[in-house]
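This report concerns only the one structure given below.
The values are calculated or read from the model by the stated rules, or taken from the named source; none is laboratory data. Quantities reported herein were computed from a predicted structural model and do not represent experimental measurements. Note: ideal-geometry Cβ built from the backbone for every residue, glycine included; neighbour counts use all protein chains shown. For accessibility, only protein heavy atoms count, side chains too; no ligands or nucleic acids. Shrake-Rupley method; radii C 1.70, N 1.55, O 1.52, S 1.80 Å.
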Amino acid sequence: MTDAAWGLLATMVGTALALLLGLRFLAPRGFTTFKRELGSFLFQPIGWIILVLLYLVRGYEVASLLQRAVFLPIDRDQFAALYLQTSSSSLMLILVPAILTMRCFAEERRTGSLEVLLTAPVKDHEVVLGKWAAALGFFVLLWLPGAVVLPILATGGYLDTQLNMASVLSGYLGIFLVGSLLLAAGCFASSLTDNQLLASLLSMMFAFGLLAGPGYLQPYLAPGSGSFLEAGASDGGEVVASAYDDLVVWLRDTVLVPVLRQVNIADHLGNWFFRGVLNTSHIVFYIGGSAFFLFLTTRSLEARRWK
Amino acid sequence: MIEVDHLSKRFGATLAVDDLSFRVARGEVVGFLGPNGAGKTTTIRVLAGYHSATSGAVRVAGHDVLTEPVEVRRNVGYLPENVPLYGDMRVVEYLRYRAELKGVPAAERKTAVERAMERCGVLEVRRKLVRHVSRGYRQRVGLADALVASPPVLILDEPTSGLDPNQRRRIKELVRELSEEHTILFSSHILAEVGEVSDRILLIDRGRLQADGTIDELLERAGGRTLRVEARAPAEELVGLLAEIDGCGPFRELADDGPFGVVEAGVEPEADPREACARRLQERGLLVRALALQLPTLESYFAEVTEGGAA
């Protein structure tokens, strides 16, 4: 491992510890909630069923990747990207956060235990933080076995080059950040309804939209794409048309394109994190986005008192 | 300990609680009585800090529910109506978790949980999953949860609903025991229960406070005692015979039962005209089938207030 890899590993472990310690000392009731929720993930079959199913798929994918690596030597810098960019990864990002968080508040609301929880001397944000942190903790547990396989591949002589651990770690950092955002959004979806299915569908739609949406839309926004957002696409009167065109172009170039670029999870992961390139604006986007949804969740719980 | 001033709670177009005011003093056990849908649970949820009031002020243990919700909840042990608990935890785990959530220090947690389990009689199910215990135990686990942090105020919403008579008796005994150290407000629609356990009764109906007083006070308000006479003679004749007896109020003829006339009379407080009536009837040689002094019941008062008002 290079110095950069060690540094990144230390930063990641340090961040996780800081999150836990921060919860423990700044929001002790949140930490209690975290322990209880993580326990309920660990002692219920659903998490383990997800784990088994996903690793069946993943095992198959890794095996075929390795076979390919035997015939076509893979660039050591690219291996992490290929390893993480499999279809089971998309599944784990779209389905898993939704499944982990759908119960969060919807189930408590349905059974009425939310009343017991929120009449204990806890602040709403502590409950929200605890539940989100527990889901994130279990999410990390679900990814760990895959991460453990990598050093084995790297040292076991399965590959004819060494792994670039820095890009592997930054890939996992990306997944952690994306997971944190999607889980926060899932918590929010779950706080809106008492129907778990609805909550999970909402968060799946959100995750799918962020993963696939920008990549799908971007070709239509490129200059010369010939779409309706193209200058000159309207054939109206000349003065009106040119004003309209200016507006459209302005909207496209200063609003739509930058926003889509900023929320393009697939691009962030595939072209940046998985290749070992960290971009501060991406990291800020995920942390800020998570905080935003956790804040919305707290508000949504509070709103209940006033209805 | 509990001060409620002009509390109102509106859900959309329905006014669930309408200008409710009452006080509960330290160490009192107060029964919160009313028919289903009267606004008991809504009021209790405001007290427990689950709902916010639409208007009015609520203070519990000196803290305002609106501005210091966490302080209020620290002072209140709350048992909600259907006792929703986490089914996937074991009883003892659940109570430990709740104790931690309520801020019982780690060093005292174990003792606090054991004590609460012992008081509520759930020691024998401690290792069972909450979703596997019976309704009665579930209720007691909920009660143990309310007690575990020894809050000064206990608010129990329908603690005996859905229980069999034995379980009900045990809960009542427990509430009586707890009343030595806690201020208790509990709701019920079962009159006998409230009468047995509480010092004072708050009777609410359609969101409004209809009566507030000790059981004796309420009974007094419920109207006087009555004398019921059944004898083998037409009712009018009985009324004529008994009219002059001291302490008997206005007579009411009830439907004759075959050859027996049935008459009811109001009786002045402290008076007992039974002996005089019996003598009078005996003088006439009338066969007496029943002669009974009837005390007003909480039931009749309850019906009078909650239904009489509606008519």
(request) Taking only Cα atoms and a 10 Å spring cutoff, compute GNM fluctuations for chain B and point out the largest among B:Leu79, B:Leu123, B:Leu147. (result) B:Leu123
(message) Connecting C-alpha atoms closer than 10 Å in a GNM of chain A, tell me which of A:Leu72, A:Leu91, A:Leu183 has the biggest fluctuation.
(response) A:Leu72
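Residues of the stretch B:158-311: accessible area per residue at 1.4 Å, in Å²?
Numbers: 7990 Å² over 154 residues.
Using a 1.4 Å probe on heavy atoms only, each residue of the stretch B:158-311 averages 52 Å².
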(request) Could you check the simple spin-label distance between B:Ala192 and A:Asn195, using points 7 Å along Cα→Cβ, in nm with one decimal? (result) 4.4 nm
(request) Sum up the charges of everything whose Cβ sits under 13 Å from the Cβ of B:Gly195, counting Lys and Arg as +1 and Asp and Glu as -1, but leave B:Gly195 out. (result) -3
(request) Take each complete run of DSSP H in chain A, measure how far its Cα atoms stretch along the helix's own axis, and keep only those covering 18 Å or more with mean Kyte-Doolittle hydropathy at least 1.6; list them. (result) A:165-192
(request) Calculate for chain B the 222 nm mean residue ellipticity that helices alone would give, adding -39,500 (n - 2.57) per DSSP H run of length 4 or more and normalising by residue count, nearest 500 deg cm²/dmol. (result) -10000 deg cm²/dmol
(message) If I model a spin label as a point 7 Å beyond the Cα along the Cα-Cβ vector, how far apart are those points for A:Leu65 and A:Leu251 in nm?
(response) 4.1 nm
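At a 1.4 Å probe radius, which order do B:Glu180, B:Glu68 fall into by accessible area, largest first? Could the numbers behind the result be given before it?
Numbers: B:Glu180 150, B:Glu68 70 Å².
Ranked list, largest accessible area first: B:Glu180, B:Glu68.
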(request) Can you work out the PRE-style zone for B:Arg169? Point 7 Å along Cα to Cβ, and I want the residues of the stretch B:192-228 with backbone N under 20 Å. (result) B:192-198
(message) Can you list the DSSP H helices in chain B whose Cα atoms extend at least 30 Å along the helix axis and whose mean Kyte-Doolittle hydropathy is 1.6 or higher?
(response) none
(message) Need one number: % antiparallel among DSSP beta bridges in the protein assembly as shown, to the nearest 5.
(response) 70 percent
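If A:Tyr60, A:Tyr55, A:Tyr220 are ordered by their accessible area, calculated over protein heavy atoms with a 1.4 Å probe, which sequence runs from highest to lowest? Please report the intermediate quantities before stating the final value.
Working: A:Tyr60 170, A:Tyr55 50, A:Tyr220 115 Å².
So, going from the largest accessible area down, we get A:Tyr60, A:Tyr220, A:Tyr55.
Pairs to check: A:Lys123/B:Lys9; B:Lys9/B:Lys102; B:Lys40/B:Lys110. Give those whose C-alpha atoms are more than 32 Å from each other in this structure. Can you show the working numbers first?
Values: A:Lys123/B:Lys9 23 Å; B:Lys9/B:Lys102 27 Å; B:Lys40/B:Lys110 34 Å.
From A:Lys123/B:Lys9; B:Lys9/B:Lys102; B:Lys40/B:Lys110, over 32 Å: B:Lys40/B:Lys110.
Considering only DSSP beta bridges whose two residues both sit in chain B, what percent are antiparallel, to the nearest 5?
On the way: 39 of 57 bridges.
Beta bridges within chain B, antiparallel portion: roughly 70 percent.
Work out the FRET efficiency for A:Ala212 and A:Asp3 from their Cβ-Cβ distance, taking R0 = 35 Å, and round it to the nearest 0.05. Each step should come with its number before you reach the end.
On the way: r = 37 Å, r/R0 = 1.04.
Plugging the Cβ-Cβ distance into 1/(1 + (r/R0)^6) gives 0.45.
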(message) If you roll a 1.4 angstrom probe over the protein chains with everything in place, what fraction of the accessible area of the protein assembly as shown belongs to carbon and sulfur, to the nearest %?
(response) 60 percent
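How much accessible area per residue does chain A have, in Å², with a 1.4 Å probe? Display every interim value, and only then the final one.
Numbers: 14690 Å² over 307 residues.
I get 48 Å² per residue for this part.
For the stretch A:76-121, state the semi-axes of the equivalent ellipsoid (square roots of 5 times the eigenvalues of the alpha-carbon gyration tensor), sorted largest first and rounded to whole angstrom. Provide the component values of the computation, followed by the final result.
Values: eigenvalues 305, 26, 3 Å².
Each semi-axis is the square root of five times an eigenvalue, giving 39, 11, 4 Å.
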(request) Post the alpha-carbon centroid distance, the stretch A:115-129 to the stretch B:184-241, in whole angstrom. (result) 42 Å
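If you stretched the chain out fully between A:Leu56 and A:Leu144, how much longer would it get, using 0.36 nm times the residue separation minus the C-alpha to C-alpha distance?
Details: separation 88, 0.36 × 88 = 31.68 nm, distance 1.46 nm.
Answer, rounded to one decimal: 30.2 nm.
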(request) With r as the distance between the Cβ atoms of B:Arg135 and B:Glu217 and R0 = 51 Å, compute the FRET efficiency 1/(1 + (r/R0)^6) and round to 0.05. (result) 0.90
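Of all the C-alpha pairs in chain B, what % are more than 30 Å from each other?
Details: 22348 of 48205 pairs.
Here the long-distance tail beyond 30 Å is 46 percent of all Cα pairs in chain B.
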(request) Give the interface area between chains A and B as buried accessible surface, both sides summed, probe 1.4 Å, in Å² to the nearest 100. (result) 2500 Å²
(request) Using a 10 angstrom cutoff on alpha carbons, build the Gaussian network for chain A and name the most mobile of A:Phe25, A:Phe273, A:Phe293. (result) A:Phe25
(message) On a straight-distance basis, which aspartates and glutamates could pair with A:Lys131 in a cross-link, Cα separation under 13 angstrom, same-chain partners fewer than 8 positions away excluded?
(response) A:Glu37, A:Glu107, A:Glu108
(message) Keeping all protein chains in place and using 1.4 angstrom, which order do A:Trp272, A:Trp6, A:Trp48 fall into by accessible surface area, from largest down?
(response) A:Trp6, A:Trp48, A:Trp272
(request) State, to one decimal in nm, how far the label point of A:Ser90 lies from the label point of A:Ala18, with both points 7 Å from Cα in the Cβ direction. (result) 3.4 nm
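Add -39500 (n - 2.57) for each DSSP H run of 4 or more in chain A, then divide by its residues: what number comes out at 222 nm, to the nearest 500 deg cm²/dmol? Kindly include the intermediate steps, with their values, before the conclusion.
On the way: 12 runs with 240 residues, N = 307.
Counting only the DSSP helices, I get -27000 deg cm²/dmol.
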(request) Could you please state, rounded to a whole Å, how far the C-alpha centre of the stretch B:243-270 is from the C-alpha centre of the stretch B:105-142? (result) 55 Å
(request) With +1 on each Lys and Arg Cβ and -1 on each Asp and Glu Cβ, and nothing else charged, work out how big the dipole of chain B is about its Cα centre, in Debye to the nearest 20. (result) 1860 debye
(message) If I take R0 = 45 Å and measure r between the Cβ atoms of A:Ile152 and A:Ala303 in this structure, what FRET efficiency does the formula 1/(1 + (r/R0)^6) give, to the nearest 0.05?
(response) 0.35
